[in-house]
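The values are calculated or read from the model by the stated rules, or taken from the named source; none is laboratory data. What you see is a predicted model, and the numbers here were worked out from it, not measured in a lab. Glycine gets a Cβ as well: all are built from the backbone with ideal geometry, and neighbour counts include every protein chain shown. When the accessible area is computed, the model is the full protein with side chains, heavy atoms only, and any ligands, DNA or RNA have been set aside. Shrake-Rupley method; radii C 1.70, N 1.55, O 1.52, S 1.80 Å.
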Amino acid sequence: MHVLGIETSCDETGVAVWDGDSGLVWDRLFSQIDLHAEYGGVVPELAARDHLQRLAPMVEAALEEAPAPDVVAYTAGPGLVGALLVGAALGQALAAGRNIPAIGINHLEAHLLAPLMEADAPDFPFVALLVSGGHTLLVEARGLGEYKLLGTTLDDAAGEAFDKTASLLDLPYPGGPALAKLAATSEGGRFKLPRPLLDRPGCDFSFSGLKTAALYAARELQPGDTEGRAALARDFEDAVIDTLAAKCKRALESTGLGTLVAAGGVAANQRLRTRLRELPNAQVRFPDTGLCTDNGAMIAYAGWL
Ligand code: KG4
Ligand code: ZN
């Protein structure tokens, strides 16, 4: 069976075809990063209009170059509503025109299942950490469709905190990778930033206080203090990583599970990966970096499952 997947929830247009026998057979991604860079964040209306321009030619290319789809899977949400509508409308129309089913996919479930696409994929059950620009979740995944929410953010997502702090440091959008690069040039230790909610039981997260602490710290920096900027980047990254790792440890302990899967854009962070790999009694898995961020392949795959 061939599933054509369409992703348009935010600022990436993704189209892919998953073959039930041989896996991913066609995959294309267009990132709108350049379009939004001058605004320092995703502009929803621009995102929707750009998906409208890019999506149809990408789907046409898939139909020409890949095996004909038996099912169309599109991201139904959560995401930017105008952006989602473009993918949903095209996906539904394509399926109706070909008289095949269209399946709406939950974007977060697709992120959570993405690690299973890989050759040496982990098996259920596992704990999933989903850390992206819009979400920070810990989920106990017992089987397909059997998910228990262990914790979520009470305010900002981890990626959002990375992006906002990066913008305080005048780093380009998207801030996460740029901040990580700057952090790698410093040992940190200059700013005492909070590790929110570590003193409370449970697996919920909060990043808005940390973001505010970073704002006050950034105000102390003198113009031209490049070492200070790097130290703040490092101290901020350390605070996020400490918090995420502590909650993952708690989630593994409370569920008694031995596998942790980390997905979403922030899971591309190399120092987070290193820290999570050091968690005791846990096998930790990360999807390929390209599968961590938004893509059409994970939507096609979730549709196939
Ligand atoms: O999953 P994703 O591509 O899109 C959403 O669904 O949000 O995640 C994007 C987020 C952005 O906030 C970006 O700054 C962050 O992931 N990100 C990173 C890194 N790479 C991407 N954050 C920290 N370190 C990275 N290396
Ligand atoms: Zn995403």
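The set of residues in the range 3-33 that are among the charged types (D, E, K, R) and within 12 Å of ligand 1 (Cβ to nearest atom) comprises 7, 11, 12. Just a yes or no: is a residue in the range 88-102 within 27 Å of residue 13 (Cβ to Cβ), of a type in the set (A, V, I, L, M, F, W, C) and touching an Asp or Glu at 6+ places or on another chain (Cβ under 7 Å)? Within the range 88-102 (the criterion being within 27 Å of residue 13 (Cβ to Cβ), of a type in the set (A, V, I, L, M, F, W, C) and touching an Asp or Glu at 6+ places or on another chain (Cβ under 7 Å)), the answer is yes, since at least one residue qualifies.
Listed by first and then second residue, the pairs with beta-carbon distance under 7 Å, at least 6 apart or on different chains, first residue in the range 178-199 and farther than 15 Å from residue 221 by Cβ, second open to solvent by 50 Å² or more (accessible area, probe 1.4 Å) and assigned to a loop (DSSP other than H, G, I, E, B), are 178/172; 197/204. One residue stands out in the range 116-154 among those that are within 17 Å of residue 210 (Cβ to Cβ) and away from ligand 1 (no atom under 15 Å from the Cβ): the one that is least open to solvent (accessible area, probe 1.4 Å), namely 151. All but one of (1) within 22 Å of the chain's Cα centre (by Cα); (2) not in a loop (DSSP other than H, G, I, E, B) hold for residue 79; which doesn't? Exception for residue 79: condition (2). Pairing residues of the range 267-281 that are under 11 Å from residue 248 (Cα atoms) with residues that are open to solvent by 70 Å² or more (accessible area, probe 1.4 Å) and away from ligand 2 (no atom under 16 Å from the Cβ), at Cβ distances under 6 Å and at least 6 apart in sequence or on separate chains, gives 279/249.
Which count do you get for residues in the range 155-170 that are open to solvent by less than 30 Å² (accessible area, probe 1.4 Å) and among the basic types (Lys, Arg)? The qualifying residues number 0. When 131, 42, 59 are screened for being within 30 Å of residue 253 (Cβ to Cβ) and either out of contact with any helix residue (DSSP H, G or I) (no Cβ under 7 Å at 6 or more places or on another chain) or of a type in the set (Val, Ile, Thr) (or both), only 131 passes.
Of all residues in the range 121-133, those that are more than 13 Å from residue 203 (Cα to Cα) have Cβ atoms under 7 Å from Cβ atoms of residues that are crowded, with 18+ Cβ neighbours inside 10 Å and β-branched (Val, Ile, Thr), 6 or more apart or on another chain, in 122/259; 122/261; 126/259; 126/261; 131/266; 132/266.
Quick grid of which residues meet (1) open to solvent by 40 Å² or more (accessible area, probe 1.4 Å); (2) within 16 Å of ligand 2 (Cβ to nearest atom):
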site: 3; (1), (2): no, no
site: 7; (1), (2): no, yes
site: 14; (1), (2): no, yes
site: 21; (1), (2): yes, no
site: 31; (1), (2): yes, yes
site: 39; (1), (2): yes, no
site: 53; (1), (2): yes, no
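The rows are residues; the columns are (1) of a type outside the set (Ser, Thr, Tyr); (2) under 29 Å from residue 266 (Cβ atoms); (3) free of Cβ contacts under 8 Å to residues at least 60 places away in the same chain.
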| site | (1), (2), (3) |
| --- | --- |
| 9 | no, yes, no |
| 21 | yes, no, yes |
| 31 | no, yes, yes |
| 47 | yes, yes, yes |
| 95 | yes, no, yes |
| 99 | yes, no, yes |
| 118 | yes, yes, no |
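Within this structure, residue 293 passes the test of being among the β-branched types (Val, Ile, Thr) and at pLDDT below 95. Criterion first (outside any helix (DSSP H, G or I), under 23 Å from residue 293 (Cβ atoms), open to solvent by 60 Å² or more (accessible area, probe 1.4 Å) and among the aromatic types (Phe, Trp, Tyr)) does residue 173 satisfy it? So residue 173 fails the test.
Applying the criterion of at least 3 residues that are more than 13 Å from ligand 1 (Cβ to nearest atom) to the helices (runs of 4 or more DSSP H) found wholly in the range 216-305 leaves 226-255, 297-304. Among the residues making up the range 283-293, those that are away from ligand 2 (no atom under 16 Å from the Cβ) and touching a residue at least 60 places away in the same chain (Cβ under 8 Å) are 283, 285.
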